[in-house]
1. Could you tell me whether any residue of region 58-66 is modelled with pLDDT under 80, surrounded by fewer than 15 Cβ atoms within 10 Å (Cβ to Cβ) and not assigned by TED's automatic domain parsing to the domain that holds L332?
2. Please work out which one of (1) under 27 Å from L332 (Cβ atoms); (2) modelled with pLDDT of 75 or more is the condition S354 fails and give its number.
3. Any residue in region 87-106 that is out of contact with any Leu (no Cβ under 6 Å at 6 or more places or on another chain) and under 21 Å from N179 (Cβ atoms)?
4. If I filter region 97-109 for residues that are under 24 Å from T243 (Cα atoms) and surrounded by fewer than 18 Cβ atoms within 10 Å (Cβ to Cβ), do I get at least one hit?
5. Going by what's in this entry, would A127 be described as over 30 Å from G247 (Cα atoms), of a type outside the set (F, W, Y) and out of contact with any Ser or Thr (no Cβ under 9 Å at 6 or more places or on another chain)?
6. Looking at S265, S239 in this structure, which one is among the hydroxyl-bearing types (S, T, Y), in contact (Cβ under 8 Å) with a residue 60 or more places away in the chain and not assigned by TED's automatic domain parsing to the domain that holds D87?
7. Search region 123-153 for residues being in contact with a strand residue (DSSP E or B) (Cβ under 7 Å, 6 or more places away or on another chain) and farther than 19 Å from I175 by Cβ, and hand back the single one that is surrounded by the fewest Cβ atoms within 10 Å (Cβ to Cβ).
Amino acid sequence: MNIFESFRIALQNLSANKLRSGLTMLGVIIGVGAVIALVSIGRGAQEAITSQIQSVGTNLLYVRPGSSNEGGVRGQEGSAGTLTLEDAQALDQVPGIVGVAPEIDSFAQMVAGGNNTNARLVGTTPAFQTVRDFAPAAGEFINDSNVSARSTVACLGSSVAAQLFPDSDPLGQSIRINNVPFRVQCVMESKGGTGFLSQDTQVIVPLTTAQTRLANAGRFRGSSNINVINLKIADLSQSDAITQQVGEILRERHRVVEDDFTVQSQEDVLSAATAVTDTLTLFLGGVAAISLIVGGIGIMNIMLVSVTERTREIGIRKAVGAKRRDILLQFLTEATVLSVLGGIIGILLGWGISALMGSFRFGNTAVTPVVDLTAVLLAVIFSVAVGLFFGIYPAARASALRPIEALRYE
């Protein structure tokens, strides 16, 4: 008996017990659907995080202070006050660096009329616009005159502008940042994103203004120290060489042997984020795959029941000339058909769940699931393997029945 005849008979036998066959496939359907849905959500989260990281600019290096050490107790990374505006100006001379934007940041309360919000406050220089690829949608970005004069002007992120001025044009209007009056000079373009990486929820002011007039704003406290120096490089392949030059300059300026700063590339940040999301996706896929194992056990169970119910049929077929391999092939085909049909329905279910999840928003967070064809292929292969693996024992048991004993079975 060839494979096509076995397939036809398998469909007939399975359709004779539609409810039982459907319930048997349910474990495989849920397993495959869960694998595809969870892996696609993980991939979508990975792409969303990558997009947010890249939205802050491209070809970037970040120079941050090292950690403080008081009384033998080491603080968190960036807690030491070791970087200054002069350090940033010195790094501007390094070949391969096309832009330097020193930055200090904190959180502050913004008030405009009867509206208020707490947003990230960034003090920086005009180079921030080109280094971070962040341009105004309306108005003029802070300029050298603003920095020199310590002007009380501010550029609002699009979300902050919408919260403070929901019904009017923010340009030229006054806001108060920690009770200090500022004039809105521009509104930045919308970049999207959520959480700390969102550029739409920040307010940008001149660096010198933040250092002198916002002394009570979080980490500023009237300090001349810099929280981070953003470096834009011409060629990302030169990042290692530029990192080495930056280190040499800062060690010489700070007169230290051991680095009191850290240099991190944007690629390092992307790699770390990708590693985290890959691990999460693998974990979610592994948890979902457990239900496939459960589904396989269900297939084996129902096939064993089928062998018992069809013992006389097996005896008759053997009596009229069916060989052991024919019986083995028949029951193995039925188990495989169950798992493959369950896998196909599971793919459609997983695809549908992914599309449904993409239509929901959780607060300001929107993750668009990415259905990975590799995950679909692996789910199908795994479901077929489950059918074969868990179908072998019942099929072998059926093929091993002796015709005379099978015919005597009641």
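The values are calculated or read from the model by the stated rules, or taken from the named source; none is laboratory data. This is a predicted model, so every value here is computed, not measured. We place every Cβ from the backbone using ideal geometry, glycine too, and count neighbours over all the protein chains shown.
1. Yes: one or more hits.
2. Condition not satisfied by S354: (1).
3. Among the residues of region 87-106, at least one is out of contact with any Leu (no Cβ under 6 Å at 6 or more places or on another chain) and under 21 Å from N179 (Cβ atoms), which makes the answer yes.
4. Looking for residues that are under 24 Å from T243 (Cα atoms) and surrounded by fewer than 18 Cβ atoms within 10 Å (Cβ to Cβ), one finds at least one in region 97-109, hence yes.
5. Here the answer is no, as A127 does not meet what is asked.
6. The conditions single out S265.
7. If we take residues in region 123-153 being in contact with a strand residue (DSSP E or B) (Cβ under 7 Å, 6 or more places away or on another chain) and farther than 19 Å from I175 by Cβ, then T130 is surrounded by the fewest Cβ atoms within 10 Å (Cβ to Cβ).
Conditions (1) over 30 Å from V371 (Cα atoms); (2) in the same structural domain as I36 (by TED's automatic domain parsing); (3) not small (G, A, S), marked per residue:
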| residue | (1), (2), (3) |
| --- | --- |
| L292 | no, yes, yes |
| N301 | yes, yes, yes |
| L304 | yes, yes, yes |
| A335 | no, yes, no |
| L341 | no, yes, yes |
